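Heads up: the structure comes next, in structure tokens.
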Amino acid sequence: MRSMSRQQLTIIVTCTDRKSATPSDELMVRHLPNGEVPLRARVWRHALARATDRRPLIDLYSGETWTQVRTLASKVTALGYDPTMFVASAGLGLQSALTSAPSYSATFSTGQADSVGASLPAAQEWWNELPHAEISPGGRAIWVLSEAYSRVVSQHLLDVTAPNELLVFGGSSEVSETVRVPADRSLRHALGGTVTSLNVRSAVQWLNLSGGDDLFAGAAWQRWRAWAREKRHHEVFDRRPLSDSAVVEFISELRDRQPSISKTNALTLLREAGMACEQRRFSTLFQQVMAR
């Protein structure tokens, strides 16, 4: 039974490409038939419905970012809130983190093997074709969204959830600056972890700085800004350039461990390992490896 003294809080987070199970071929966007978005989305929904290997989303996603998502939920609870978590997914729509679903590979990031659309309008059309859980309008909410996902889903989320108070970590220009804490790579040194977990780590740090006070009050913003000014650190990189064959080997090993890894995350991991590859060259090599 929920305690009546706890404040309700809606949390919406971006899905992650790392999963605890390997998706079947029919649940990889790359294998969908060519055609208009409604047709492709219908085939996709049918494939989702047929899948039998399912697990709660809270257990389906994995990796460093998802570990931080779990930390966020735990800290919110410890501060006296009663959180309900939802996942904004390019493959599943907006769903409760307790909903069971099969593993899949789909992304709103463009230029990937499993990109759902080559343009923002196409991605938004795809999103509108997916099923979405209902969220009662109003209340308080924390969203943790990558820029690519925020551009697709933010306006829809604002329209259907209409939160009275909102904090968005990461996000995009579609979200008002008055409620948004933009991704800031100069804080990565202080926050720890990889670039891909930066938004959720920022949200966790916001909670750490709250001291138990209201998360949405002006004082919380003041504490964040003061902390960020003190901790910003502009990284200087000295990376080792790689040959094409070395990059291909790196990507191949990543694919073996994470079959649905995105190009963006693969390049991030390469650079974080102290290696260098120009983005366009990496994109070409990544597509070659993933097409094999």
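The values are calculated or read from the model by the stated rules, or taken from the named source; none is laboratory data. For clarity, every value in this text was computed on a predicted model and none was experimentally measured. Virtual Cβ from ideal backbone geometry, glycine too; neighbours counted across all protein chains shown. Keep in mind that these areas ignore ligands, DNA and RNA; they rest on the heavy atoms of the full protein, side chains included. Shrake-Rupley method; radii C 1.70, N 1.55, O 1.52, S 1.80 Å.
Answer yes if at least one residue in the range 83-98 is in contact with a Gly (Cβ under 9 Å, 6 or more places away or on another chain) and open to solvent by 10 Å² or more (accessible area, probe 1.4 Å), and no otherwise.
no
Looking only at the range 155-210, count how many residues are among the basic types (Lys, Arg) and touching a Gly at 6+ places or on another chain (Cβ under 7 Å).
Number satisfying all stated conditions: 2.
Could you tell me whether the range 23-30 includes any residue that is surrounded by fewer than 19 Cβ atoms within 10 Å (Cβ to Cβ), assigned to a loop (DSSP other than H, G, I, E, B) and touching a residue at least 60 places away in the same chain (Cβ under 8 Å)?
Within the range 23-30, one or more residues are surrounded by fewer than 19 Cβ atoms within 10 Å (Cβ to Cβ), assigned to a loop (DSSP other than H, G, I, E, B) and touching a residue at least 60 places away in the same chain (Cβ under 8 Å).
Within the range 8-22, how many residues turn out to be of a type in the set (Ser, Thr, Tyr) and open to solvent by 60 Å² or more (accessible area, probe 1.4 Å)?
Qualifying residue count, the range 8-22: 1.
Give the residue, chosen from LYS263, LYS231, that is more than 16 Å from GLU64 (Cβ to Cβ), buried (at least 17 other Cβ atoms within 10 Å of the Cβ) and charged (D, E, K, R).
After ruling out the rest, the residue left standing is LYS263.
All but one of (1) in contact (Cβ under 8 Å) with a residue 24 or more places away in the chain; (2) among the charged types (D, E, K, R); (3) over 19 Å from ASP17 (Cβ atoms) hold for ARG180; which doesn't?
In the conditions (1) in contact (Cβ under 8 Å) with a residue 24 or more places away in the chain; (2) among the charged types (D, E, K, R); (3) over 19 Å from ASP17 (Cβ atoms), ARG180 misses (1) alone.
Against the condition β-branched (Val, Ile, Thr), assigned to a loop (DSSP other than H, G, I, E, B) and in contact with a Phe, Trp or Tyr (Cβ under 9 Å, 6 or more places away or on another chain), how does ILE142 come out, does it pass?
The answer is no for ILE142.
In the range 195-216, what residues are small (Gly, Ala, Ser) and buried (at least 16 other Cβ atoms within 10 Å of the Cβ)?
At the first step, the residues of the range 195-216 found to be small (Gly, Ala, Ser) are 197, 202-203, 210-212.
If the condition is that a residue be small (Gly, Ala, Ser) and buried (at least 16 other Cβ atoms within 10 Å of the Cβ), then SER197, SER202, ALA203, SER210 are the ones that fit.
Within the range 50-131, which helices (runs of 4 or more DSSP H) (wholly inside it) include 2 or more residues that are over 30 Å from PHE282 (Cα atoms) and of a type in the set (Gly, Ala, Ser)?
Result: 64-78.
Tell me, which helices (runs of 4 or more DSSP H) lie completely within the range 193-289 with 3 or more residues that are within 30 Å of VAL116 (Cβ to Cβ)? Don't jump to the end; show me each part of the working.
Numbers: elements: 198-210, 218-231, 244-257, 263-272.
The helices (runs of 4 or more DSSP H) meeting that bar are 198-210, 244-257, 263-272.
Given the criterion open to solvent by 10 Å² or more (accessible area, probe 1.4 Å), more than 16 Å from GLN95 (Cα to Cα) and within 17 Å of the chain's Cα centre (by Cα), identify the matching residue among ALA148, ALA123.
ALA148
Need the failing condition index for GLY192 against (1) farther than 22 Å from LEU130 by Cβ; (2) touching a residue at least 60 places away in the same chain (Cβ under 8 Å); (3) open to solvent by less than 50 Å² (accessible area, probe 1.4 Å), just the number.
Failing condition for GLY192: (2).
Taking only pairs six or more apart or across chains, which ones have beta-carbon atoms under 8 Å, a first residue in the range 92-114 that is at positive phi, and a second residue that is assigned to a loop (DSSP other than H, G, I, E, B)?
GLY93/LEU130; GLY93/PRO131; GLY93/ALA133
Please find, within the range 174-189, the residue that is most open to solvent (accessible area, probe 1.4 Å) out of those that are farther than 26 Å from GLU64 by Cα and out of contact with any Lys or Arg (no Cβ under 7 Å at 6 or more places or on another chain).
GLU177
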